[in-house]
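The values are calculated or read from the model by the stated rules, or taken from the named source; none is laboratory data. These figures come from a predicted structure and were not determined experimentally. So basically every Cβ, Gly included, is an ideal-geometry build from the backbone, and we count neighbours across all protein chains shown. Side chains are part of the model used for accessible areas, which takes the heavy atoms of the whole protein and leaves out ligands, DNA and RNA. Shrake-Rupley method; radii C 1.70, N 1.55, O 1.52, S 1.80 Å.
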Amino acid sequence: MRPLFSFVHKSYIVLLSLVLLAACRPAKEDTAAQLLLQRLDSLQKQGCMFGHQDDPMYGVHWQYEAGRSDVLESCGDYPAVMGFDLGGIEIGASRNLDSVPFDRIRTEIQEHHRRGGIVTLSWHPRNPITSDETIGAPWPAGTSWDVTSGAVASLLPGGAEHQRMLVWLSRVRDFLASLTDDQGNPIPLIFRPWHENIGSWFWWGGNLCSAEQYKALFRLTRERLEEKGVENLLWCYSPNGPISKEDYLSRYPGDDIVDILGTDIYEYNNGDLDAAGVAYMANLKQMLTTLTEISKEHTKLMCLSETGLEGIPDPHWWTERLYPAIQGFPICYVLTWRNAHDRPGHFYGPWKGFENAEDFRLFSEKKEIVLL
Ligand code: BMA
């Protein structure tokens, strides 16, 4: 009896172990991107991460000094989220539209990933139909802001610049494929192409293409990159706000194409700072209320993909404008735009020595605001 019992017993244990192993092993669909999505979902329950564009590249008074960050110097911690821009990668440039070397972008993405931080990429590509003949011409010729019409149509299948689009995407792909961690695994990222698409200041804007063309462009971008093996991206759709729910969804590429719902909303100081602040808060609240509704209906996470007040003339902007306006909304992160070193007054983040840095430090200490 005993040997038989032991055999049955052992078989049972082996079977049970196999079942447990199968349950614990990541499912096939657990790509780096999906793991990032799960991570964002659980981090969102702890609060809203703070993000800053080009954070480790330069600040108002410095550039390219390893380890430096205006946010770190203002509050003692790096932002949880860092944003970088791919504009220029499509034409094979070695630096992006703000002169940041792509090699440096790669290194900083790897470094931030190593720290446990999260990276988001925007893309301000050149205008495909004017790009070649306007290299070196005065801004905005040939840039994202060159709204010479017909660009989107020309990039779609059958269009005169479709082949160019495929080449552009292959260059984006090559750069993304080079973003690997210390073990050689792809680093997961939030990719946010074709942003601010309801306004008409970029060549993919509302008046420059039809809704169907816009959706086709977004879909083509995702499908082409995935066909070429890119699996490490979460795709963020980020129209400029505030806009109505109907407008937001009018160019929404689809639940199978978008992973995260974003919006870009800025405060504009037209001389009356109080009025501008009040309007900004109302705009944010309206848009985030709308986004919360859409995110529930479409089961998507949401973020405030870009925000800020240029030059931050309001000494309490962080604690009295941004913080109360986002409080209570389930956003994964809020990202403020870059602290330019080459354009005086063009900064959106805090920096040490600027009076507003102390207010940022108070903001960063709020329990719902998450730094690295
Ligand atoms: C804009 C400005 C520009 C910059 C662009 C892309 O908002 O900051 O100076 O070139 O973003 O980063």
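Does the range 227-239 hold any residues that are touching a residue at least 12 places away in the same chain (Cβ under 8 Å) and not in a loop (DSSP other than H, G, I, E, B), and which are they?
To start, the set of residues in the range 227-239 that are touching a residue at least 12 places away in the same chain (Cβ under 8 Å) comprises 228-239.
Once the filter is applied, which keeps residues that are touching a residue at least 12 places away in the same chain (Cβ under 8 Å) and not in a loop (DSSP other than H, G, I, E, B), the range 227-239 yields LEU233, LEU234, TRP235, CYS236, TYR237.
The set of residues in the range 40-62 being within 26 Å of ILE105 (Cα to Cα), open to solvent by 10 Å² or more (accessible area, probe 1.4 Å) and in a loop (DSSP other than H, G, I, E, B) consists of VAL60, HIS61. Against the condition out of contact with any Leu (no Cβ under 8 Å at 6 or more places or on another chain), surrounded by 21 or more Cβ atoms within 10 Å (Cβ to Cβ), not in a helix (DSSP H, G or I) and not basic (Lys, Arg), how does PRO350 come out, does it pass? Criteria met by PRO350. Of all residues in the range 63-122, those satisfying the criterion of being polar (S, T, N, Q), within 16 Å of the ligand (Cβ to nearest atom) and over 19 Å from LEU234 (Cα atoms) are GLN63, ASN96, SER99.
Taking TRP194, is it part of a loop (DSSP other than H, G, I, E, B), on the phi > 0 side of the Ramachandran plot and among the hydrophobic types (A, V, I, L, M, F, W, C)? Show your work before the answer.
Details: part of a loop (DSSP other than H, G, I, E, B): yes; on the phi > 0 side of the Ramachandran plot: yes; among the hydrophobic types (A, V, I, L, M, F, W, C): yes.
Taking the combined requirement at face value, the residue satisfies it.
Among the residues of the range 198-254, those identified as among the aromatic types (Phe, Trp, Tyr) and touching a Lys or Arg at 6+ places or on another chain (Cβ under 7 Å) are TYR214, TRP235. Of all residues in the range 84-108, none that is touching a residue at least 40 places away in the same chain (Cβ under 8 Å) and part of a strand (DSSP E or B) has its Cβ atom under 7 Å from the Cβ atom of a residue that is within 13 Å of the ligand (Cβ to nearest atom) and basic (Lys, Arg), 6 or more apart or on another chain. Restricting attention to the range 306-347, the residues being open to solvent by less than 20 Å² (accessible area, probe 1.4 Å) and among the hydroxyl-bearing types (Ser, Thr, Tyr) number 3.
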